Amino acid sequence: MGLTVTNREDAASRADALERLVDATGPDMARVNALILSRADSHVEMVPELAHYLIEAGGKRLRPMLTLASADLFGGGTGDQISFAAAVEFMHNATLLHDDVVDESTMRRGKPAARMVWGNAASVLVGDFLLGQAFLMMVETGNLPALNVLSRAAAVIAEGEVFQLAKSGDLTTTADDYMQVIEAKTATLFSAATTVGAMAGNAEDASVAAMTSYGRELGLAFQLVDDVLDYGGVSGTMGKNRGDDLREGKMTLPVILALESANAADRSAIASALGKADCDEDGMADVVEIFDRLGVLQQTVAKAEAHAATAVAALRVLPASPLRSLLSDTAEFCVARAY
Ligand code: IPE
Ligand code: IPE
Ligand code: MG
Ligand code: MG
């Protein structure tokens, strides 16, 4: 199905790239959403109750929209992209259910996290159910190369979350360690989403490779900005609590850069706030004040900007089209949401 794309060349158009992506993928996303709801069903009542609670809270649906747009960029292809988009969103939702247990987060998509309503055990198990359903949808397409990409992604995401856990509160964590973590836990799913979309669109190998690197670079930018927003964002707008990363002792880039350049007093203030589960708004404000003085949130955004620019550059090997421009704007939107 051909997507209708509206484009505006001005910088402001990046801010509404997400809305334009929603418009462009609308009819196909309606099919994906129907599939998502039907595959979240089970005779065990708690499964659809918990799954629907998370799914109906929305989320941006960025990954499945990227899968659909990536297929359409090459003419729409096989139709497998509907199953892949639903599978990708299921994988994402499964990781969110698991991630909120690991991170002890209390809020997700503007509501109490599922674990606050049904508990940690149910959240983990329903996450496993969604992951299983995701694989079923992939297998049904019979597309082995795409299954290869998505199953590798499932393993690498889990590996990234474990690596992050192992580094939690470790003040010797390097920027390189951090990049490995976000590449695995976040960029891998974005690149899988765009790769299998391009495969469903029957793109040739060089074009699939371009979409893989677009998704990867966009994913790195996305997570860098998510990590900035955890210090500089607004809980209501994000739909999750600001400060979770600090309380959890997560070694994100702002913390790593601050520890590298801080004086002894600032360093010890950061070290003592990090991983303090009861760190309140005042404790958080002290850390943010240090971060502002050192400019580490701006440096992190600058790094995100560089990755978004690489994502845009990856698309340049493909023929120019309104949809290609929209995908470029979407990469830039991932950074613009930091402001
Ligand atoms: C949250 O992803 C997890 C990260 C990789 C930072 P999103 O910000 O895409 O979450 P939803 O789907 O919109 O809720
Ligand atoms: C992304 O990391 C989680 C996954 C990729 C599963 P975060 O822990 O930063 O995500 P949020 O902030 O909880 O959404
Ligand atoms: Mg988390
Ligand atoms: Mg986060």
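Every number here is computed from the coordinates shown, using simple stated rules; none is lab data. The model shown is predicted, which means the values in this text are computed figures rather than measured ones. Neighbour counts run over all protein chains shown; Cβ positions are idealised from the backbone, glycine included.
Each label point was placed 7 Å from the Cα along the Cα-to-Cβ direction; for V234 and A209 their separation is 4.5 nm.
The 3J(HN,Hα) values that the Karplus relation (6.51, -1.76, 1.60; θ = phi - 60°) gives for the range 31-46 are, in residue order, 5, 5, 5, 5, 5, 4, 5, 5, 7, 8, 7, 6, 6, 8, 3, 5 Hz. Gly and Pro appear as x. The angle between the Cα long axis of helix 205-232 and the main principal axis of the chain comes to about 30°, on a 0 to 90 degree scale.
Under 5 Å from the amide H of M107 lie the amide H atoms of A113, N241, each residue being 5 or more positions distant or on a separate chain, with H modelled from the backbone and absent for Pro and chain starts. Angle of helix 281-294 to the longest C-alpha principal axis of the chain, folded into 0 to 90 degrees and rounded to 10: 80°.
Using 0.36 nm per residue, how much length does the chain from D41 to E56 gain when fully extended, once their Cα-Cα distance is taken away?
4.1 nm
Modelled this way, with points 7 Å down the Cα-to-C-beta line, the labels at A175 and E140 are 4.6 nm from one another.
Across every pair of non-identical alpha carbons in the range 192-259, the mean reciprocal distance, once inverted, gives a Kirkwood radius of 14.0 Å. Which of Y214, Y53, Y178 ends up with the largest GNM mean-square fluctuation for the chain, with Cα atoms connected below 10 Å? Top of the fluctuation ranking is Y53. Of all the options G233, G243, G110, the one that moves most in a Gaussian network model of the chain with Cα springs shorter than 10 angstrom is G110. The range 29-78 and the range 164-193 have Cα centres separated by 26 Å.
Taking N as the number of residues in the chain, what is its alpha-carbon radius of gyration divided by 2.2 N^0.38 Å? Relative to the 2.2 N^0.38 Å estimate, the chain comes out at 0.98.
Helix 296-315 axis versus longest C-alpha principal axis of the chain: approximately 20°, rounded to the nearest ten.
In whole percents, the pair-distance distribution calculated for the range 24-82 from its alpha-carbon pairs, binned every 10 Å from zero, is 21, 46, 25, 8, 0. Taking the chain as a Gaussian network, Cα atoms linked when under 10 Å apart, which of L323, L220, L97 shows the biggest mean-square fluctuation? Maximum fluctuation in the GNM of the chain, among the listed residues, is at L323. Calculated [222 nm] ellipticity per residue, helices only, for the chain: -23500 deg cm²/dmol; basis is -39500 (n - 2.57) per DSSP H run with n ≥ 4, divided by all residues, nearest 500. In the distance distribution for the range 77-135, Cα-Cα pairs more than 16 Å apart total 45 percent. With θ taken as phi - 60° and the Karplus curve 6.51 cos²θ - 1.76 cosθ + 1.60 applied, the whole-hertz 3J(HN,Hα) list for the range 87-100 is 5, 5, 5, 5, 4, 4, 5, 4, 5, 5, 4, 5, 4, 5 Hz, x standing for glycine and proline.
Ranked highest first by the average count of other Cβ atoms within 10 Å around their residues, in what order do 179-185, 224-230, 144-150 fall?
Working: 179-185: 20.1, 224-230: 23.3, 144-150: 16.7.
Taking the mean over residues of other Cβ atoms within 10 Å, the ranking is 224-230, 179-185, 144-150.
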